[in-house]
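In what follows, a single structure is set out as C-alpha cells and then discussed.
The values are calculated or read from the model by the stated rules, or taken from the named source; none is laboratory data. Quick caveat, the model's predicted, so the values are computed rather than measured. In this analysis, Cβ positions are derived from the backbone assuming ideal geometry, glycine residues included, and neighbour counts consider all displayed protein chains.
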Amino acid sequence: MRYRQALLRELSLSSGASLIVLIAITLVTLFIRLLGEAARGELANEAVFTYLGFSLLHFLPVLLSIGIFIGVLLTFMRYWRDSEMVIWLNSGLSLLDWAKPVLLFILPLVAVLTLLTTALIPWAMNKKDIYKQELLSREDTSAIAPGLFAESHGGERVYFVENLNPLTGSVKNVFMQSSEGGKLGVVVAAEGRQDKLEDGTRFLILSQGRRYEGTPGRADYRIVQFEKYWMRLDPIEAQARGMTARKTGTLDLFRQTAPDARAELLGRLSSPISAVVLALFALPLSFVNTRARRSFGLIAALLIYFLYNNLMSISQAWVAQDKMNIITGLMMGHLPMIVALVLFFAYRLRMKPLRVGNS
C-alpha cells in the first residue's frame, strides 16, 4: 500500500541520518582517545587508524540498534505532530497495522546486526589481538615520533629525535638515554638510521655524537666521542594471548558449558532481539498530543532503553557468575520488556481514533 512505501522511505532517511550522526560522534571520541594514547607513547602512530576501525566495529551493533530505535521513534512522532497519524487511524488503520511495515524495514538491519555480533566482531577481536602482538614484537624505535619522548617497552631506554625523514628512515638530532647494570648512559648524535644485516639482526647506527656514561650521584662520568655508534635492537617476543569467550566463534560457544562462554553467547543473542523489541516500542512511545504540542515519548524512550540495557547486563553478569542458565537469562533480560511492550500497545489501542488528537 501507499502508506507503507512512504513509511519505509521516511524510516530509511531517519534511521540513516541517526546512524550517521552516532557514528560520527563515536569516531571523533575514539579518535581523540587514540591520539592521546599515541601522544603518550602508548600506541604506535601507524596503528591509530587501524585501532579506530577495530573500535568502531566493536561499537557498531550498539550504534545500529540505537539508530533503528531513534529512526522509528522520530518518524512516528512526526506523523503524530503533523496529524497524519490521526488521519490514518480514522481511515481504519490501527496501531498494530504499522507494526508490519516497521518489521519489514528493520529485519534486514537486524540480519546485519546478527552477522556483526555472531561472526564479524569475534573475527575482528582475533585480528586485533594478532595486530597488537605484531606491534609489541617490533623494535623499540618503531614508536619514535619527531618532537616526542618515546620510552622502550622494557623501560630501559628513552628516545627523542628532532626530525624524521619518512622516505629514508633517517633521523636528525638524536637523544637517547639508557640504563644498564646500574649505570646511566646518555647518547647525543647529529643523525642516525636503522640497518638490517643479512641474518635479520637490526642495529641503530648513530653518527657524529657523544656518549656520557656513569653512575647517578657520582662525578666520575666517562665521555666518549664517536664517528659511528652501533647499537643492537633486540625485538621483543610478545606472548600470544589465550582464546577468550569474546574471540570465540558463535558455533563453538554453543558447544561450551563454561559460564563466561554462556554469558558471551547470551550477549550475542540478546543484541538482535533487543533491536526488534525497541523498534516496536517506538510505536506506542511516539504519541504526541497534537493540541498541547508536547510529548514525553523521548524521555520515556530514554528510560526504557537504559532499563532494557541494564536488564540485559544484569542477566549476562549472573550467567557469567553461574547464578542462572542462559534460558533464564534470556527470559530475565527480554520477557519483562516484551510484557511492557504488550501493555503499551494495549493502552494505545483502547483509545478511539476520533479522540486520538484530544488525548
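Some notes on this structure:
- Checking the stated criteria, Glu139 turns out to be among the acidic types (Asp, Glu) and modelled with pLDDT under 70.
- Taking every residue in region 323-337 that is without any contact (Cβ under 8 Å) to a residue 60 or more places away in the chain and pairing it with any residue that is assigned to a loop (DSSP other than H, G, I, E, B) and surrounded by 15 or more Cβ atoms within 10 Å (Cβ to Cβ), at least 6 positions away or on another chain, the pairs with Cβ-Cβ distances below 8 Å are Met332/Met324.
- Counted residues, region 97-111 - those being touching a Ser or Thr at 6+ places or on another chain (Cβ under 9 Å) and without any contact (Cβ under 8 Å) to a residue 40 or more places away in the chain: 0
- Checking each residue in region 1-33 for being under 18 Å from Met85 (Cα atoms) and small (Gly, Ala, Ser) picks out Ala6, Ser14.
- Contacts under 7 angstrom Cβ, first residue in region 247-264 being surrounded by 13 or more Cβ atoms within 10 Å (Cβ to Cβ), partner in a helix (DSSP H, G or I) and of a type in the set (Ser, Thr, Tyr), 6 or more apart: Thr250/Thr118
- Of all positions in region 169-182, none carries a residue that is of a type in the set (A, V, I, L, M, F, W, C), at pLDDT below 75 and either outside the structural domain of Glu10 (by TED's automatic domain parsing) or more than 22 Å from Arg40 (Cβ to Cβ) (or both).
Every residue, every condition in (1) modelled with pLDDT under 80; (2) under 19 Å from Ser65 (Cβ atoms), yes or no:
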{"position": "Ser12", "(1), (2)": "no, yes"}
{"position": "Gly16", "(1), (2)": "no, yes"}
{"position": "Val21", "(1), (2)": "no, yes"}
{"position": "Ala38", "(1), (2)": "yes, no"}
{"position": "Gly41", "(1), (2)": "yes, no"}
{"position": "Thr50", "(1), (2)": "no, no"}
